[in-house]
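Have a look at the structure below before the remarks.
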Amino acid sequence: MEFFCKPGTDEEWHQHWLEFRLNWHKSLGIKESSLRIREHEKAELSHYSKATYDIEYLYPMGWSELEGIANRTDFDLRQHAQFSGKSLSYFDEESNEHIVPYVIEPAVGVDRTFLVCLYDAYVEEEVRGEKRTVLKLHPSVAPIKVAVLPLSRNEKLGPLAKEVDALVRRRFTTQFDDAQSIGRRYRRQDEIGTPLCVTIDFDSLEDHSVTIRERDSMEQSRVRIEELTDVLRDKLGDLP
């Protein structure tokens, strides 16, 4: 991406984009302790760069670039103008002059960003004497937000479970799973990073309530079905 700005404001905008991009990575759930900013030394700078910073991530092999943010001055537009024969300046009414903008360029790849999300989210931990593998993805990047799990395939639970699934699916990306034991299904959802599971049990038929199980803490809470989507929204936070 290239952001155009008036010469003289470029350093201020460079710092703005550096802070904005760093906060964006944090918003994906990447730990602050795994991120740092490193300014390029003069010997590293490209010939067109006034200043370049890297947002670095602590990979398993050590610190390395996640995203580069460069102040490219007016090099790009002047090169285009020179070889195209077309002026790429704009008229600034405040200064009453034609100006060629400076360019601030944040450069990041989707693949690398998601790889970092996976690195940061993957956890193996012991729970009651057993190893649990969990992908603690931020809800905004988790492929499944909510899993709907009837306690069993008992025919009495099926209709209500489908009703709950249809309700939740209107607002969130969901997965319905009724295969194997409830414990195995919780583990499957942990491994793919699903933040929340909703379990329908035999008590649900009487009290019209379900159990929400949280991936990271494994804590469970009972919620009435008519309040379910609001509670899920509060727990998941703002989603795209």
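FYI, it's all coordinate maths here, none of it is from the lab. Being a predicted model, the structure only gives us computed values, none of them experimental. Cβ placement follows ideal geometry from the backbone for every residue including glycine, while neighbour counts extend to all protein chains displayed.
Observations
- Stokes-Einstein diffusion for the chain at 4 °C, viscosity 1.567 mPa s, with a Kirkwood radius from C-alpha pairs, works out to 60 µm²/s.
- All Cα pairs of the stretch 136-180, percent lying beyond 11 Å: 65
- Each listed q (0.23 Å⁻¹) maps to a log10 I(q)/I(0) for the stretch 48-133, found by the Debye formula over equal Cα scatterers with no solvent: -1.08.
- Relative contact order of the stretch 90-157, pairs being alpha-carbon contacts under 8 Å that are 6 or more residues apart, as %: 15
- Simple Cβ-charge dipole of the stretch 3-108, Lys/Arg +1 and Asp/Glu -1, about Cα centre, in debye nearest 20: 320
- Computed from the C-alpha gyration tensor, the three semi-axes of the ellipsoid equivalent to the stretch 133-236 are 20, 15, 12 Å, from longest to shortest.
- The chain: relative contact order in percent, alpha carbon pairs under 8 Å with at least 6 residues between: 15
- Taking a straight line from the alpha carbon of LYS6, these aspartates and glutamates sit under 17 Å away, with near neighbours fewer than eight places off in the same chain left out: ASP74, ASP76, ASP92, GLU93, GLU94, GLU97, GLU105.
- Translational diffusion coefficient of the stretch 3-108 (Stokes-Einstein, Kirkwood radius from Cα pairs, 4 °C, 1.567 mPa s): 85 µm²/s.
- Normalising the average separation of contacting C-alpha pairs (under 8 angstrom, six or more residues apart) by the number of residues puts the relative contact order of the stretch 160-232 at 24 percent.
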